[in-house]
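Working notes, structure below.
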Amino acid sequence: MLRMSFMEHLEELRRRIFLMLVGVGVAFAASLTFSKELWNFVQAPAVAALTTLGIKGINGGPPQLTQVTPMEAFNIIWVKMPILAAVFLSSPWILYQIWAFISPGLYKKERRWASPFVICSAGLFILGGCFGYFVAFRYGLTFLLGLGRDNGVTPLVSLSEYFDLFVNVMLGIALVFELPILIFFLTLLHVVSPRFLIAHSRYAILGIVILAAIITPTPDVFNLVLFATPMCALFYVGIFASYLLVLHREHKKFPWAKVLKWTAIVLAVLAVVVYVAILRYHLRIVPHWPFLTR
């Protein structure tokens with residue numbers, strides 16, 4: 001392990017933060033060149049939700065968001081949205097800098113986890129954003145905008161309110177998807193163990209449900225479960241990664257061949273069940289939830 005003084009740690013931290021900001025700045029500049037395409041991507045859930053609710057735009061066209069103040073469109077489309085895109089685009093670089101700051105305090109054999117750490121962390125962060133965009137945010141937004149429809153209320157969504165909710169959901173879920181990485185690191189630093197996590201899993205699930213209730217943009221149970229279920233699954237994925245690390249420390253091997261064999265059998269059975277359901281009930285596959293429809 002490398003020994004560094006307190007001032008050397010501060011200097012290294014300052015250097016890593018500067019490199020992170022440089023990476024975000026480069027990604028921000030790249031995002032500015034695609035602002036129109038990015039904004040169409042960002043506002044697509046709102047357009048889809050309003051269209052589902054039967055809301056029409058100007059002259060009967062597609063529904064649109066509303067600009068309330070003169071600077072609102074500039075601040076969001078040309079400043080805040082490129083920053084959000086830059087954070088996601090530069091996430092591998094940011095995570096690499098975090099690892100580079102931590103790695104001097106690890107043993108040489110533990111530094112070999114650098115590439116898996118960056119790949120898995122960035123992948124989970126982006127996967128969380130995709131889950132929030134394509135699943136959680138769309139269902140939550142449709143629910144919220146439709147609450148007053150039966151009472152004669154027509155939704156009029158401003159750019160600022162919509163984008164603030166969008167950022168909160170995207171970043172909140174993306175950060176929550178880093179839970180397996182957090183558990184792995186705590187195990188790497190000997191703070192927790194798989195046995196400890198399993199023994200206290202009921203408290204972890206309670207905390208996950210509370211966190212999901214805070215992140216969820218709607219108060220209904222369906223969206224709460226929609227958020228909490230993948231978070232609980234990620235908690236157990238983190239326990240599994242922690243278990244693999246402990247096996248590696250004890251020079252033991254995980255029975256991958258047997259596990260993959262049974263996984264393949266289960267997937268084959270599920271595929272047969274889906275195929276029979278399609279034939280019997282005349283269903284077809286669609287690229288959105290629940291993926292099967294008449």
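The values are calculated or read from the model by the stated rules, or taken from the named source; none is laboratory data. Quantities reported herein were computed from a predicted structural model and do not represent experimental measurements. Backbone-built Cβ (ideal geometry, glycine too); neighbour counts: all protein chains shown.
General remarks:
- Residue within region 148-170 that is in contact with a Gly (Cβ under 9 Å, 6 or more places away or on another chain), among the hydroxyl-bearing types (Ser, Thr, Tyr) and more than 20 Å from Leu234 (Cβ to Cβ) present: yes
- Filter result (surrounded by fewer than 14 Cβ atoms within 10 Å (Cβ to Cβ) and either assigned to a helix (DSSP H, G or I) or among the polar types (S, T, N, Q) (or both)) within region 27-47: Ala29, Thr33, Lys36, Glu37, Asn40, Phe41, Ala44
- Any hit, region 182-196, residues being modelled with pLDDT of 85 or more, within 30 Å of Ala48 (Cα to Cα) and not in a loop (DSSP other than H, G, I, E, B): no
- Test: residue in region 66-75 that is under 23 Å from Gly172 (Cβ atoms), assigned to a helix (DSSP H, G or I) and under 26 Å from the mean Cα position of the chain (by Cα): yes
- Any hit, region 199-212, residues being surrounded by 18 or more Cβ atoms within 10 Å (Cβ to Cβ), in contact with a helix residue (DSSP H, G or I) (Cβ under 9 Å, 6 or more places away or on another chain), in a helix (DSSP H, G or I) and touching a residue at least 40 places away in the same chain (Cβ under 8 Å): no
- When Gln43 is tested against the conditions (1) touching a helix residue (DSSP H, G or I) at 6+ places or on another chain (Cβ under 9 Å); (2) polar (S, T, N, Q); (3) over 23 Å from Gly132 (Cα atoms); (4) at pLDDT 90 or above, the lone failure is (3).
- Filter pass, Leu156 being part of a loop (DSSP other than H, G, I, E, B), without any contact (Cβ under 8 Å) to a residue 12 or more places away in the chain and more than 30 Å from Leu244 (Cα to Cα): no
- Residue match in region 169-182 (condition: under 30 Å from Lys56 (Cβ atoms) and not assigned by TED's automatic domain parsing to the domain that holds Lys56): yes
- Total residues in region 225-267, condition in contact with a Ser or Thr (Cβ under 6 Å, 6 or more places away or on another chain), farther than 21 Å from Leu211 by Cβ and aromatic (Phe, Trp, Tyr): 0
- Only residues that are surrounded by fewer than 17 Cβ atoms within 10 Å (Cβ to Cβ), farther than 28 Å from Leu95 by Cα and not acidic (Asp, Glu) were counted across region 127-154, and they come to 8.
- Criterion applied to Leu245, Leu189 was being surrounded by 13 or more Cβ atoms within 10 Å (Cβ to Cβ), over 25 Å from Leu171 (Cβ atoms) and of a type in the set (A, V, I, L, M, F, W, C), and the one residue passing it is Leu245.
- Annotation: Ile55 fulfils all but one of (1) in a helix (DSSP H, G or I); (2) modelled with pLDDT under 85; the unmet one is (1).
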